[in-house]
Amino acid sequence: MKARHICATLGIAAAVGAVVFTQSLVATNDAQAVAIAERLIKAVPVDADARTVQLQLDFRPDGRVLQGPPMMAYAATRPGLDGALVTKALFAQRRVKNLPAIGEELTLVGRKGAYRVKLAGYLDWERPARGYPNMFLPPSAVAEIDEEWQDFKPVSAEELSPMFLSDAGRNMDRAKPLLLWAAALTALCLLVNTLFLTIESRRMEIATLRILGMPRGGVAKMVVREALALVAAGLALGISGAIAALFAYVACDAETFPAGAAIGMKGVIAVVAVAPVVAVLGALFALKPAFAVRPLEAASGRAPRKRRLGMIIAFACGFGAFVAVETWGTSLTKPFIPSPEWPDAIVSILPGGVSSFDIEHLRNLKGVKRIGELQPLQVNISPLEELKGFGGGGGGRGGRGPMKQYRNALLLASAWLPDFRFSQGDRESAEKALAEGDNCVITEMMARARKLNVGDELVLDAGRGLVIPLKVVGVVDLNWHMVTSRALVRGMNRMPVNTDGPVFVSFDTLAACDARPQDFVKMTHVWLDYEPEFLAANGVFPAGRIVEREIVEALGGAWSEDSEGEIRGNTVRLHSRDEIADGTLAHGNDLVGAMARVPFIFVAVISLGFVAMLVASFESRRREFAVLRAVGATRFQLAKVLIGEALGVAVVGVALGLLLGAPLGWLCTTGTRAAMANWGLPATFVVPMPIIAKGAFFSIVFALAVSIPASLAIVRRSIHR
């Protein structure tokens, strides 16, 4: 078998094997779910008469407020405890490595208050399972923690098993189309490259057959037969190799896989279904150069021409897929990074808040240039439009069942309006209008989603039959999602976490929309700006911790004694805008990076095609190399010629991939935005050049890693012959 055939077969097998192995590994992990659930029930038993409650855990590794969704503790009562007994799974849900020491106090936050419990020990279980207790407290905790306790409802292993369907499985379901497309594209590129090289190397033979009377249909049959044979060989080798690798992998860790290996038939069916399509497409691409062979070329003694185009296109497609994924992910992440015009930090005082008189104690904090109350309230938009998707279900009040949730505005009342960028109106007139009546400033996202402009009205349904129109006096260009989410500004008072966005109003306007008695309304948030010198001297993280401690001291401590003598408190958490921005970027890079590795793996597979290209290039330049050898050229000098050719092809392929991948990524971003529930999300086109530059470097390294030993081997074999 020719080198080009071996490379194509191995490349197709690698692409097929990647799909089958990953799908089968996911299926294998999911097949363990019932067995793992049985282990959990034995390792973490729960009394049948236990009471349970779900609370937030305010845990701060290394003193940092955790970014992302809150860490949830599902506590159950267990007799005989002197403190909290927790499973390691409680911290594994956020991948916390440095666990708190036994004897430390943990802070739990409910709807009515914050509570402290002493950590008494750990249970050795590390797999999180939503809906199953991960913390155990003594029965006295029911009276000490004044929250809505429920009777524990025992669950069977079968009922609990869906909690152990792997995250890898869910992520693979999202990435499956990308994986399959990348595998098909890789196989197609390698196949087309090989067929092009075959046609060029057999040009004289095809021309001779044409003289002897072979019709164009006969030439087409030759091309199709070779394409089908290569794809069939790669398909068989890839499936069998992936299954063998899966069984070997599972056998090496039988304890983790008690149910044994499970073959992902969806992956096998997918590659078997796609394989004939790839073969036919590859043959169709190769027919044009095959039909271009003229019978008279049989009398020509020219050597085969160099065929670099196929390898350039193949490499460009592989690298272009990587560029498209990175562009897609970065463009989607950009609108979630807080705008620099936001204040430096938001401080949450939850769950109960404090009075306005207590806020006055915060006016002279060290290093703080400006601070003010930030009072949030979510109000439904009129006419009522039911909210679908995540956040659409809401908890009931007073023991009632789930309530319908509607599209809503997040009202934010403050004594000052930050230096936002106004796209409509101006800051001075907007501030004056907010103070004078029921007016509001909205974001561009809401303006786009609801087709509002300055002078229009945003109508709110405040309940109790009260409909309040707010005149829009300004529109600001502002990215707000992560700031309001991380600071727990939205989702309060049993409202959904989804919202159409912030609407800046006065305290009087917000009070008119608030159905709660004003005597019970507390200040739950403040926002602030640092003194530039203080921030420069300390840095974002230390500055936040200093100011956070000052706020706690100024409020008389986070914990206080209520009228009945019980210790209740709030958690005071400072959420820095820049820390949130860094966390958003890191989270986005993790998600995108996992998907970007799929096409990048296939870039390495496509690099196998360089072997076939270099062999064909050497054959076409055999006389030239013989002359160079005769005049004293060394093996390494001859190999350098081939390596330089491979490097040139890789560089051109990378450049072409960038030109093709960036627009493709933008098209994918546009389609994803259309399917998202973040109404009015801005369209941003971002090409992450630093990441793509690294990808280009490693892509070229892959090409050279294959080309250098191949070139040396080709030259050595030629000299030996």
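What are the residues in the stretch 117-141 that are out of contact with any helix residue (DSSP H, G or I) (no Cβ under 9 Å at 6 or more places or on another chain), surrounded by 20 or more Cβ atoms within 10 Å (Cβ to Cβ) and assigned to a strand (DSSP E or B), if any?
Phe136
Table: residues versus (1) out of contact with any strand residue (DSSP E or B) (no Cβ under 6 Å at 6 or more places or on another chain); (2) part of a helix (DSSP H, G or I).
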| position | (1), (2) |
| --- | --- |
| Phe21 | yes, yes |
| Ala48 | yes, no |
| Lys112 | yes, no |
| Tyr115 | no, no |
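Would you check which residues across the stretch 206-220 are charged (D, E, K, R) and surrounded by 13 or more Cβ atoms within 10 Å (Cβ to Cβ) and list them?
Arg210
Going through Val701, Val715 one at a time, which residue ends up being closer than 29 Å to Leu191 by Cα, of a type in the set (A, V, I, L, M) and surrounded by fewer than 17 Cβ atoms within 10 Å (Cβ to Cβ)?
After applying the criteria, what remains is Val701.
Under 6 Å between Cβ atoms, which residue pairs at least 6 apart in sequence (or on different chains) link something in the stretch 46-63 that is more than 22 Å from Pro79 (Cα to Cα) with a partner that is polar (S, T, N, Q) and surrounded by 14 or more Cβ atoms within 10 Å (Cβ to Cβ)?
Asp58/Thr107; Asp58/Thr571
Identify, please: which residue in the stretch 423-453 is in contact (Cβ under 8 Å) with a residue 24 or more places away in the chain and of a type in the set (Asp, Glu) and is, among those, surrounded by the fewest Cβ atoms within 10 Å (Cβ to Cβ)?
Asp426
For the stretch 627-673, which residues satisfy the criterion of being over 30 Å from Pro688 (Cα atoms) and either surrounded by 13 or more Cβ atoms within 10 Å (Cβ to Cβ) or not assigned by TED's automatic domain parsing to the domain that holds Thr684 (or both)?
Across the stretch 627-673, the qualifying residues are Leu628, Arg629, Ala633, Arg635, Leu638, Ala639, Lys640, Val641, Leu642.
Within the stretch 505-559, work out how many residues are small (Gly, Ala, Ser) and either closer than 20 Å to Ala435 by Cβ or in contact with a Lys or Arg (Cβ under 7 Å, 6 or more places away or on another chain) (or both).
Final tally of qualifying residues: 4.
With respect to Ala13, determine if the residue is in a helix (DSSP H, G or I) and either surrounded by 18 or more Cβ atoms within 10 Å (Cβ to Cβ) or touching a Phe, Trp or Tyr at 6+ places or on another chain (Cβ under 7 Å) (or both).
So Ala13 fits the description; yes.
Does any residue in the stretch 79-94 that is closer than 11 Å to Met135 by Cβ and part of a helix (DSSP H, G or I) come within less than 7 Å, Cβ to Cβ, of a residue that is among the aromatic types (Phe, Trp, Tyr) and modelled with pLDDT of 90 or more six or more places away or on a different chain, and which pairs are these?
Note: pairs meeting the criteria are Ala89/Trp125.
Taking the stretch 74-109 as the search range and keeping residues that are closer than 20 Å to Ser485 by Cβ and out of contact with any Phe, Trp or Tyr (no Cβ under 9 Å at 6 or more places or on another chain), which one is surrounded by the most Cβ atoms within 10 Å (Cβ to Cβ)?
Among them, the one singled out is Gln93.
Within the stretch 415-470, track down each residue that is under 21 Å from Phe336 (Cα atoms) and among the small types (Gly, Ala, Ser).
Within the stretch 415-470, Ser423, Ala447, Ala449 qualify.
Among the strands (runs of 3 or more DSSP E) confined wholly to the stretch 467-586, which include 1 or more residues that are over 25 Å from Phe420 (Cα atoms) and touching a Leu at 6+ places or on another chain (Cβ under 6 Å)?
571-576
Of all residues being more than 19 Å from Val117 (Cβ to Cβ) and exposed (fewer than 13 other Cβ atoms within 10 Å of the Cβ) in the stretch 555-585, which is modelled with the highest pLDDT? Just the residue, please.
Restricting to residues being more than 19 Å from Val117 (Cβ to Cβ) and exposed (fewer than 13 other Cβ atoms within 10 Å of the Cβ), the top hit is Gly556.
Restricting attention to the stretch 263-283, does a residue exist that is modelled with pLDDT under 85, part of a helix (DSSP H, G or I) and at negative phi?
Yes: one or more hits.
Please identify the pairs in which a residue from the stretch 405-417 that is farther than 17 Å from Val526 by Cβ has its Cβ atom under 8 Å from the Cβ atom of a residue that is acidic (Asp, Glu) and in a loop (DSSP other than H, G, I, E, B), counting only partners at least 6 apart or on another chain.
So the pair list comes out as Tyr406/Glu385; Arg407/Glu385; Arg407/Asp500; Asn408/Asp500; Ala409/Asp500.
The values are calculated or read from the model by the stated rules, or taken from the named source; none is laboratory data. All values reported here derive from a predicted model rather than from experimental measurement. Every residue, glycine as well, gets a Cβ built from its backbone with ideal geometry; the counts of neighbours run over all protein chains shown.
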